[in-house]
Every structure is written in structure tokens, then in C-alpha cells.
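For reference, the structure discussed in these notes is given below.
The values are calculated or read from the model by the stated rules, or taken from the named source; none is laboratory data. Because the structure is a prediction, the values reported are computed rather than measured. Neighbour counts are summed over all protein chains in view; Cβ atoms, including those assigned to glycine, are modelled from backbone coordinates with ideal geometry.
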Amino acid sequence: MTMLDLVLCSLASVYALWAFYLAAMSLIRARTDGRLGTPAFSIGLPIVAVGLLLDCAVNLTVASLLFLDAPRELLVTRRLKRYRAHGSGWRPRLAAYVCKNFLDQFDPTGDHCD
């Protein structure tokens, strides 16, 4: 596998994770609004499960490379929260950028990383 292959695979995994995040937030929003029926809930559960597995995989690999730091948690959001709360230097700024531009506006609470 070449370096280009690794970069493309990393980008694809991050993009897939974001797509699963958007799907999960849509399900949460529908449930919160009382609009999530049993059929959609049943079909949505595997989406959430696959998203969680992908989240763990990305956190252990791509996020570790991106932040140049070994994971201390299973999920990317937990890592972002840790950097924002206790980090210094460039990591909290990058975490805040990711939260603000890719996560917060899609979370029903409006603040995914808080």
C-alpha cells in the first residue's frame, strides 16, 4: 500500500464517519421530536452500531495520526472534548475547528463537543 493509498483511505474513513454521524444525529433529532417510529428506529439501530465501530476505528488510527497523540478514549468526540478542556497548543484549536465546522450544527443540542 502506497502513501497515497493510506491518505485516500484515511480521508474516506473520516468522510464515512461524518456521514454516519449525520445519520445518527438525524435519528436523534427525530426521536427527540417524537417523530421516530418503530420501523425507522429498527432500521436505524444498525446505522448507529456501524457508526460507533467506525468511530472507534478512526479514533485509534486516523485521529491518532492527525493529533499526533495516542488515544485515551474510544470515541473521537471524547478526544475532542479532552483537547478542548485540557489541551494546550494546536490540538485544542484543531479540536474546536472540527467541532464548530463539522459537528455542532448537526447535533440537536447545537453543541456536540461541550
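Computed quantities for the displayed model
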read-out: Checklist (1) hydrophobic (A, V, I, L, M, F, W, C); (2) in a helix (DSSP H, G or I); (3) surrounded by fewer than 18 Cβ atoms within 10 Å (Cβ to Cβ) applied to residue 70, failing item; value: (2)
read-out: Options 70, 63, 24, 30; residue that is hydrophobic (A, V, I, L, M, F, W, C), at pLDDT 95 or above and more than 22 Å from residue 105 (Cα to Cα); value: 70
read-out: Of residues in segment 95-114 being of a type in the set (A, V, I, L, M, F, W, C) and in contact (Cβ under 8 Å) with a residue 60 or more places away in the chain, the one farthest from residue 35 (Cα to Cα); value: 102
read-out: Residue match in segment 33-54 (condition: in a helix (DSSP H, G or I) and within 16 Å of residue 102 (Cβ to Cβ)); value: yes
read-out: Selected residue (criterion: surrounded by the fewest Cβ atoms within 10 Å (Cβ to Cβ)) from residues of segment 1-59 that are aromatic (Phe, Trp, Tyr) and within 17 Å of the chain's Cα centre (by Cα); value: 15
read-out: Per-region count, segment 55-94, residues without any contact (Cβ under 8 Å) to a residue 24 or more places away in the chain and not polar (S, T, N, Q); value: 22
read-out: Residues of segment 73-97 classified as surrounded by 15 or more Cβ atoms within 10 Å (Cβ to Cβ), modelled with pLDDT of 95 or more and more than 17 Å from residue 54 (Cα to Cα), total; value: 9
read-out: Any hit, segment 35-55, residues being in contact with a Cys (Cβ under 8 Å, 6 or more places away or on another chain) and at negative phi; value: no
